[in-house]
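Colleague: Got a structure for you, questions after.
Nothing in this text is a laboratory measurement; each read-out follows from the coordinates by a stated rule. Predicted model only: the values in this text are computed from it and were never measured. Using ideal geometry, Cβ is built from the backbone for each residue, glycine included, and neighbour counts are taken over all protein chains shown.
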Amino acid sequence: MQYDPRNRTFDCDPTLTDNQVLEFCRQGYLMLQGVVLAEINQRTCDYLDGKIEISPLRIPDHMVLADLERIRNTHEPSSILLEQWFIDQVILNSQAVGAIRSILGKNVGLPVLMSNHRVDCPQPAQGWHHDADSIFSPETNYLQVFYYPQDTTVEMGPTEVLPGSHHHPTSREIDWCQGSLTTAPAGSIFLTCYPILHRRSASTATGLRHLLKYNYWRTVSPERDWIKDPAFDFHRTNYGGHGEARYVAHQFYWLCGKEDQFRTIGGQSWPYSGSSHNAIGPSYGFDSQVGHSPDWSNPDTF
């Protein structure tokens with residue numbers, strides 16, 4: 001891995017395949033369980049709880065050491081991003097960076113702002129929400145990443161996500177909705193598309209729960225430079241069902257640097273029919289020069 005501390009970027013070999021990137025487009029998130037060392041998880045909690053001294057690599061020009069100490073105790077403890085041990089073991093985690101690099105391309109920009117969703121359990125569930133300033137588009141210019149430094153069981157109120165909800169705006173009034181709980185052992189990291197619908201689930205245990213949230217950034221134009229599968233078939237692969245496939249395929253094409261080639265003629269045409277095992281022939285509309293691209297801000301239209 002190449003780490004450029006001056007420009008705050010990294011590069012490494014991608015680790016995801018075509019199908020894994022496509023699955024990320026379909027689900028909107030990817031879990032990496034238990035990838036951070038136990039001693040780093042404990043050190044992170046101690047840092048956030050003020051039990052160890054801060055030791056920043058540098059002090060930003062617009063700050064002094066007292067500023068870094070102060071913000072450590074806020075909901076945005078960004079001073080942790082200046083700790084060498086946190087950079088090495090969490091931000092540049094060896095098992096996470098390959099997946100991040102696969103989606104965001106070369107020379108990934110590192111986080112500049114840290115959030116800590118610190119919860120004094122027990123607490124009721126949050127309402128479902130898209131985070132502020134969500135943009136619904138096939139463009140994937142950054143990833144929102146979550147890190148659990150503690151075991152986060154159902155009783156600790158893990159984040160709940162709604163797979164596929166990053167494709168278009170969804171009403172907050174969806175208490176009937178059943179999402180996926182991100183229960184995970186300490187040291188787990190999960191990557192998400194920023195607009196994915198999510199909430200803090202209800203907790204019944206007692207004690208503090210930390211959840212760190214931060215962003216990585218694209219610095220290059222998208223291209224299909226992850227691990228290519230020679231057998232991957234853009235025509236016949238499964239992009240999903242009605243109301244889903246056109247968004248999944250659009251995002252995947254964008255990540256491949258092929259958005260200008262994406263058109264769909266709708267109905268049972270490509271990319272929907274790739275999901276059906278009952279079709280007796282290849283789908284119509286693939287590689288069409290006419291047709292439409294979906295309007296992500298209005299899910300009822302193309």
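Colleague: Please report, in cubic angstrom per residue, the volume enclosed by the convex hull of the alpha-carbon atoms of region 186-297.
Modeller: Measuring per residue, one finds 188 Å³ for the Cα hull of region 186-297.
Colleague: Classify region 1-76 from the C-alpha gyration tensor, please: rounded if a/c falls under 1.5, else prolate or oblate depending on whether a/b exceeds b/c. Write down the numbers at each step before the final one.
Modeller: Working: a/c = 2.40, a/b = 1.73, b/c = 1.39.
Verdict is prolate for region 1-76.
Colleague: With the Cα gyration tensor of the chain in hand, convert its eigenvalues to equivalent ellipsoid semi-axes via √(5λ) and list them largest first in whole Å.
Modeller: For the chain, the semi-axes come out at 36, 23, 16 Å.
Colleague: Convert 25 °C to kelvin, take the viscosity as 0.890 mPa s, use the Kirkwood radius over C-alpha pairs of region 218-266 as Rh, and evaluate the Stokes-Einstein diffusion coefficient in µm²/s, rounded to a whole number.
Modeller: 207
Colleague: Would you check the chain for Lys pairs whose C-alpha atoms are within less than 27 Å, ignoring same-chain pairs closer than 8 in sequence, and give me the count? Before the final figure, lay out the partial values.
Modeller: Working: Lys51/Lys213; Lys106/Lys213; Lys106/Lys228; Lys106/Lys258; Lys228/Lys258.
Lysine pairs meeting the criterion: 5.
Colleague: OK, next. Compute the angle between helix 38-48 and the longest alpha-carbon principal axis of the chain, please, reported from 0 to 90 degrees and rounded to the nearest 10.
Modeller: 70
Colleague: Here is a further query. Antiparallel versus total DSSP beta bridges in the chain: what percent is that, nearest 5?
Modeller: The answer is about 95 percent antiparallel.
Colleague: Can I ask one more? Between Ala279 and His117, what FRET efficiency follows from the Cβ-Cβ distance if R0 is 35 Å, with the result rounded to 0.05? Please report the intermediate quantities before stating the final value.
Modeller: Working: r = 45 Å, r/R0 = 1.27.
Here the calculated transfer efficiency is 0.20.
Colleague: Follow-up. In debye to the nearest 20, how big a dipole does region 2-217 give about its Cα centre with +1 on each Lys and Arg Cβ and -1 on each Asp and Glu Cβ?
Modeller: Roughly 80 debye, rounded to the nearest 20.
Colleague: Shifting gears a bit: How far, in degrees from 0 to 90, does helix 18-27 lean away from the longest principal axis of the Cα atoms of the chain, to the nearest 10?
Modeller: 80
Colleague: Suppose every K and R has +1 on its Cβ and every D and E has -1 on its Cβ; what is the size of the dipole of region 1-126 about the Cα centre, in Debye to the nearest 20?
Modeller: It works out to roughly 180 debye.
Colleague: What is the helix-to-structure angle for 245-255, meaning the angle in degrees between its Cα long axis and the longest Cα principal axis of the chain, kept from 0 to 90 and rounded to the nearest 10?
Modeller: Roughly 60 degrees between the two axes.
Colleague: With +1 assigned to the C-beta of every Lys and Arg and -1 to the C-beta of every Asp and Glu, and no other charges, what is the dipole magnitude of region 233-302 about the Cα centre in debye, to the nearest 20?
Modeller: Here region 233-302 has a charge dipole of around 140 debye.
Colleague: Can you give me the distance in nm between label points at Ser94 and Asn19, each placed 7 Å from the Cα along the Cα-to-Cβ direction?
Modeller: Here the modelled spin labels are 2.7 nm apart.
Colleague: Right, here's the next one. Restricting to Cα atoms and excluding each atom paired with itself, what does the Kirkwood estimate give for region 233-302 in Å?
Modeller: It is 12.0 Å.
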